[in-house]
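Remarks on the structure that follows.
The values are calculated or read from the model by the stated rules, or taken from the named source; none is laboratory data. In this text the structure is predicted, and so the values were computed from the model without any measurement. Here the Cβ positions follow ideal geometry from the backbone for every residue, glycine too, while neighbour counts run over all protein chains shown. In case anyone asks, the SASA skips ligands and DNA or RNA and just uses the protein heavy atoms, side chains included. Shrake-Rupley method; radii C 1.70, N 1.55, O 1.52, S 1.80 Å.
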Amino acid sequence: MLVDGKWVADWQPVQATDAKGGFVRQTSTFRNWVTPDGSAGPTGDAGFKAEAGRYHLYVAYICPWASRTLMARAIKGLEDVISISVVEPALTPQGWRFGDYPGSTPDHLGGATYMHEIYTKADPHISGRATVPVLWDKSRNTIVNNESADILRILNTGFGGLAKNGHDLSPEALRTRIDALNDAIYGSLNNGVYRAGFATTQVAYEEAYAEVFATLDRMEQQLAENGPFLFGAHFTESDIRLFVTLVRFDAAYHGIFKCNKRRIADYPRLSRFIMDVMALPGIRATVNIDHIKRGYYSIKSLNPNGIVPVGPELPFA
């Protein structure tokens with residue numbers, strides 16, 4: 001991790017735990033917003049006006065948080081407005097690395113080797129982990145935002161008429177329900193699988209495990225009642241949040257994170273939901289199962305020998 005702008009220790013998946021030995025996720029550092037006129041957003045400073053070609057996304061196909069932003073970029077039709085760089089799937093001792101693994105790219109902007117160099121370029125004295133996604137401003141040469149929930153909403157509304165698709169991922173009429181469901185999905189499922197996988201005590205693991213499957217059961221029921229998406233016919237950011245965990249579940253979380261009570265393949269409506277989302281324009285290109293498996297099974301604390309399972313067979317892979 002970074003301490004005062006210097007890389008001081010090998011990357012570790014768990015940086016902090018709670019009193020039960022549960023995994024605690026780092027808080028994001030950069031919280032500015034891109035807006036159509038450059039005014040300030042809900043957090044941060046003004047000065048980040050939407051302009052074609054000005055902004056760049058740093059992502060990893062393995063990472064569900066980064067994949068949220070790739071999905072929103074595709075749904076909104078912003079591929080020609082916002083460029084991207086993709087890190088390699090395997091976690092190195094210095095964290096995310098740029099390279100030539102199939103599907104990965106170099107750092108197109110500055111030729112960095114590691115993601116942490118992007119962070120110190122924005123703040124030479126930064127401390128903490130160098131995570132993805134990162135929304136970068138080429139004009140001001142700095143990080144705009146590294147919180148995926150913020151970036152998701154920035155992509156939804158911040159680029160105004162530059163977006164080819166006006167589809168609203170968080171319509172006002174559904175906003176309160178979306179926010180409530182987002183919170184429920186995040187704590188018990190999106191982050192719940194990590195809490196299970198990185199738990200350092202049995203009690204923390206079993207607590208997270210129970211919440212993961214209680215939420216999957218609930219989402220199966222909600223899709224049965226509403227379908228094809230969580231709020232009916234309108235695809236929202238809640239669907240994005242659910243999808244990024246579901247699409248990784250059987251390939252990674254069921255095995256490496258010991259979330260093995262059931263597979264998503266055992267849930268008929270969740271399985272159908274994955275296929276329905278994959279059929280949306282541009283979404284299939286945001287899913288790279290090879291990167292997902294290579295990435296999660298590269299975590300040495302969970303898989304010291306680095307052996308990547310051949311299976312499972314996935315209908316969408």
Return only the number of the condition from (1) assigned to a loop (DSSP other than H, G, I, E, B); (2) open to solvent by 40 Å² or more (accessible area, probe 1.4 Å); (3) modelled with pLDDT of 95 or more that Pro315 does not satisfy.
(3)
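Considering only the stretch 275-286, state which residues are open to solvent by 30 Å² or more (accessible area, probe 1.4 Å) and under 17 Å from the mean Cα position of the chain (by Cα).
Filtering the stretch 275-286 for residues open to solvent by 30 Å² or more (accessible area, probe 1.4 Å) gives 275-276, 279-282, 284-285.
Selection gives Gly282, Arg284, Ala285.
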Close pairs from the stretch 40-64: first farther than 17 Å from Ile240 by Cβ and without any contact (Cβ under 8 Å) to a residue 40 or more places away in the chain, partner surrounded by fewer than 21 Cβ atoms within 10 Å (Cβ to Cβ) and of a type in the set (S, T, N, Q), Cβ under 6 Å, at least 6 apart
Ala46/Ser39
Would you confirm whether or not the stretch 292-303 contains a residue that is under 15 Å from Met71 (Cβ atoms) and not in a loop (DSSP other than H, G, I, E, B)?
yes
Filtering the stretch 68-110 for residues that are over 18 Å from the mean Cα position of the chain (by Cα), open to solvent by less than 20 Å² (accessible area, probe 1.4 Å) and either under 17 Å from Ile151 (Cα atoms) or aromatic (Phe, Trp, Tyr) (or both) leaves a count of 2
Looking at (1) open to solvent by less than 50 Å² (accessible area, probe 1.4 Å); (2) under 17 Å from the mean Cα position of the chain (by Cα), can you tell me which one Thr29 breaks?
(1)
Could you tell me whether Ile240 is touching a residue at least 12 places away in the same chain (Cβ under 8 Å), within 19 Å of the chain's Cα centre (by Cα) and closer than 29 Å to His167 by Cβ?
yes
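Got a sec? Which of Leu223, Leu242 is touching a Phe, Trp or Tyr at 6+ places or on another chain (Cβ under 7 Å), over 23 Å from Ser301 (Cβ atoms) and at pLDDT 95 or above?
Working: Leu242 fails: touching a Phe, Trp or Tyr at 6+ places or on another chain (Cβ under 7 Å).
Being touching a Phe, Trp or Tyr at 6+ places or on another chain (Cβ under 7 Å), over 23 Å from Ser301 (Cβ atoms) and at pLDDT 95 or above holds for just one of Leu223, Leu242, which is Leu223.
Okay, residues lined up against (1) assigned to a helix (DSSP H, G or I); (2) open to solvent by less than 30 Å² (accessible area, probe 1.4 Å):
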| site | (1), (2) |
| --- | --- |
| Leu155 | yes, yes |
| Gly161 | yes, no |
| Lys164 | no, no |
| His167 | no, no |
| Ala173 | yes, no |
| Thr176 | yes, no |
| Asp179 | yes, no |
| Asn182 | yes, yes |
| Tyr186 | yes, no |
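Can you tell me how many residues within the stretch 294-305 are under 29 Å from Met278 (Cα atoms) and either in contact (Cβ under 8 Å) with a residue 60 or more places away in the chain or among the acidic types (Asp, Glu) (or both)?
5
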Test each condition in (1) within 19 Å of Pro268 (Cα to Cα); (2) modelled with pLDDT of 95 or more; (3) surrounded by fewer than 20 Cβ atoms within 10 Å (Cβ to Cβ) for Val247 and report the one that comes out false.
(3)
Whether any residue in the stretch 241-259 is part of a helix (DSSP H, G or I), touching a Gly at 6+ places or on another chain (Cβ under 8 Å), within 27 Å of Lys76 (Cα to Cα) and not polar (S, T, N, Q) is what I want to check.
no
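Would you check if Asn190 is within 16 Å of Phe243 (Cα to Cα), surrounded by 19 or more Cβ atoms within 10 Å (Cβ to Cβ) and either more than 22 Å from the chain's Cα centre (by Cα) or not hydroxyl-bearing (Ser, Thr, Tyr) (or both)? Walk me through it before giving the result.
Values: within 16 Å of Phe243 (Cα to Cα): yes; surrounded by 19 or more Cβ atoms within 10 Å (Cβ to Cβ): yes; either more than 22 Å from the chain's Cα centre (by Cα) or not hydroxyl-bearing (Ser, Thr, Tyr) (or both): yes.
Considered against the rule, which asks whether it is within 16 Å of Phe243 (Cα to Cα), surrounded by 19 or more Cβ atoms within 10 Å (Cβ to Cβ) and either more than 22 Å from the chain's Cα centre (by Cα) or not hydroxyl-bearing (Ser, Thr, Tyr) (or both), Asn190 comes out as yes.
Is at least one residue of the stretch 60-70 over 21 Å from Asn190 (Cα atoms), out of contact with any strand residue (DSSP E or B) (no Cβ under 6 Å at 6 or more places or on another chain) and modelled with pLDDT of 95 or more?
As a first pass, look at the stretch 60-70 and keep what is over 21 Å from Asn190 (Cα atoms): none.
Taking every residue of the stretch 60-70 in turn, none turns out to be over 21 Å from Asn190 (Cα atoms), out of contact with any strand residue (DSSP E or B) (no Cβ under 6 Å at 6 or more places or on another chain) and modelled with pLDDT of 95 or more.
Within the stretch 272-282, is even one residue touching a residue at least 12 places away in the same chain (Cβ under 8 Å), touching a helix residue (DSSP H, G or I) at 6+ places or on another chain (Cβ under 6 Å), closer than 23 Å to Leu169 by Cβ and not in a helix (DSSP H, G or I)? Before the answer, list the steps.
Of the residues in the stretch 272-282, the ones touching a residue at least 12 places away in the same chain (Cβ under 8 Å) are 272-278, 280-282.
Within this subset, residues satisfying the condition of being touching a helix residue (DSSP H, G or I) at 6+ places or on another chain (Cβ under 6 Å) are 273-274, 277-278, 282.
Filter once more, keeping what is closer than 23 Å to Leu169 by Cβ: 273-274, 277-278, 282.
After this cut, where a residue has to be not in a helix (DSSP H, G or I) as well, the list is 282.
Yes, that holds for at least one residue.
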How about the stretch 133-153: which of its residues are open to solvent by less than 10 Å² (accessible area, probe 1.4 Å) and either modelled with pLDDT under 95 or not polar (S, T, N, Q) (or both)?
Pro133, Val134, Leu135, Trp136, Asp137, Ile143, Val144, Ile151, Leu152
